[in-house]
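Q: Shown below is the structure under consideration.
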Amino acid sequence: MGDELLWASDIAIKGADLALSFYSPDKMETRAKGQRDIVTAADVAVERFVRESLRKRFPADDVVGEEGGGDDSGGCRRWYVDPVDGTFNYSRGIPVWCLSLALFEARQPVLGAIRDPLRGEIFVAARGRGAKCNGATLAATSQLDLSRAVVHMTVDFDDESMNVGLDDLRRLQPKVLRTRNLGSVALALAYVAAGRLDAVLHRFAHTWDFGAGVALILETGGCVTAIDGSPYREGSTSVLAAGNGELHAALLHALRSH
């Protein structure tokens, strides 16, 4: 796993650098993807680069990406890539976006790499080897008091998702210190692993959004489940992640309270 982690880190850095080469918001070409989502040339080019790199290095592994879908050979190893997590931020020149790359085995994240090229940060983790940012060991928050917690939350933009997100916000906002929405859930999860945020609550997303960040948090001793409290696994469409189990339990209780 050590060699794989080094390789994945290198690919994440190179892929994010490729995204950076497209980064010119005043000249950005975008096209619609769904009702209110977009895709840029960088999303497509970076995902192609990462896919081709993975297939050369690990030809037996499946690869799934946000833009191009994925393989399903039935194997136990599957890579997930989000070439630009935070595409809307990226397209508008808001400097909060990253490349996220994760490896799953037996439906669990075993490796994650998140590259933020604008800040020169690379967050990496592998099962049993801890989590680091630019070589420094990460430590998640020790915040146990829900009323002092800073929580990343997202209110989505279609009607059904928006109503659920607003309900989450109404339940949690009075009970925590602050809520934040970075526009990049992968970076938010990395920030929990780094102790910059205390928790993340995010619904209606995909494994490529969550996988690498979940790997990071688990390696710092944090607690991660789906929002309903069920175990997080490949294919989960929501995540409730906190820097420690006590804070996670408090968040889960608050969400279940009426």
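Q: Output the number of the condition that ALA102 fails; it satisfies all remaining conditions of (1) outside the structural domain of GLU67 (by TED's automatic domain parsing); (2) under 14 Å from the mean Cα position of the chain (by Cα); (3) touching a residue at least 40 places away in the same chain (Cβ under 8 Å).
A: So ALA102 meets the others, but not (1).
Q: Please determine whether any residue of the stretch 228-239 is crowded, with 21+ Cβ neighbours inside 10 Å and over 14 Å from TYR80 (Cβ atoms).
A: no
Q: Kindly indicate whether VAL64 is touching a residue at least 60 places away in the same chain (Cβ under 8 Å), among the β-branched types (Val, Ile, Thr) and over 17 Å from PHE22 (Cβ atoms).
A: Details: touching a residue at least 60 places away in the same chain (Cβ under 8 Å): yes; among the β-branched types (Val, Ile, Thr): yes; over 17 Å from PHE22 (Cβ atoms): yes.
Answer is yes for this residue.
Q: To continue, here is another question. I need the full set of residues from the stretch 137-155 which are at pLDDT below 95 and either closer than 30 Å to SER21 by Cβ or in contact with an Asp or Glu (Cβ under 6 Å, 6 or more places away or on another chain) (or both), in order please.
A: Listed by number, the residues that qualify are THR141, THR154.
Q: If you scan the stretch 138-177, which residues turn out to be in contact (Cβ under 8 Å) with a residue 12 or more places away in the chain, polar (S, T, N, Q) and outside any loop (DSSP other than H, G, I, E, B)?
A: Within the stretch 138-177, SER147, SER161 qualify.
Q: Return the only residue of ARG170, ARG178 being surrounded by fewer than 15 Cβ atoms within 10 Å (Cβ to Cβ), in contact with a strand residue (DSSP E or B) (Cβ under 7 Å, 6 or more places away or on another chain) and not assigned by TED's automatic domain parsing to the domain that holds GLU66. Please lay out each step first, then the result.
A: Numbers: ARG170 fails: in contact with a strand residue (DSSP E or B) (Cβ under 7 Å, 6 or more places away or on another chain).
Of the residues listed, the single one that is surrounded by fewer than 15 Cβ atoms within 10 Å (Cβ to Cβ), in contact with a strand residue (DSSP E or B) (Cβ under 7 Å, 6 or more places away or on another chain) and not assigned by TED's automatic domain parsing to the domain that holds GLU66 is ARG178.
Q: Further question: What are the pairs with Cβ atoms under 6 angstrom where one residue, in the stretch 13-42, is in the same structural domain as ASP116 (by TED's automatic domain parsing) and the other, located anywhere, is among the basic types (Lys, Arg) and modelled with pLDDT under 85? Sequence gap at least six, or different chains.
A: Hits for this filter: VAL39/ARG31; VAL39/LYS33.
The values are calculated or read from the model by the stated rules, or taken from the named source; none is laboratory data. The shown structure was predicted, so the numbers you read here are calculated from the model rather than taken from an experiment. Positions of Cβ are backbone-derived with ideal geometry, glycine not excepted, and every protein chain shown enters the neighbour counts.
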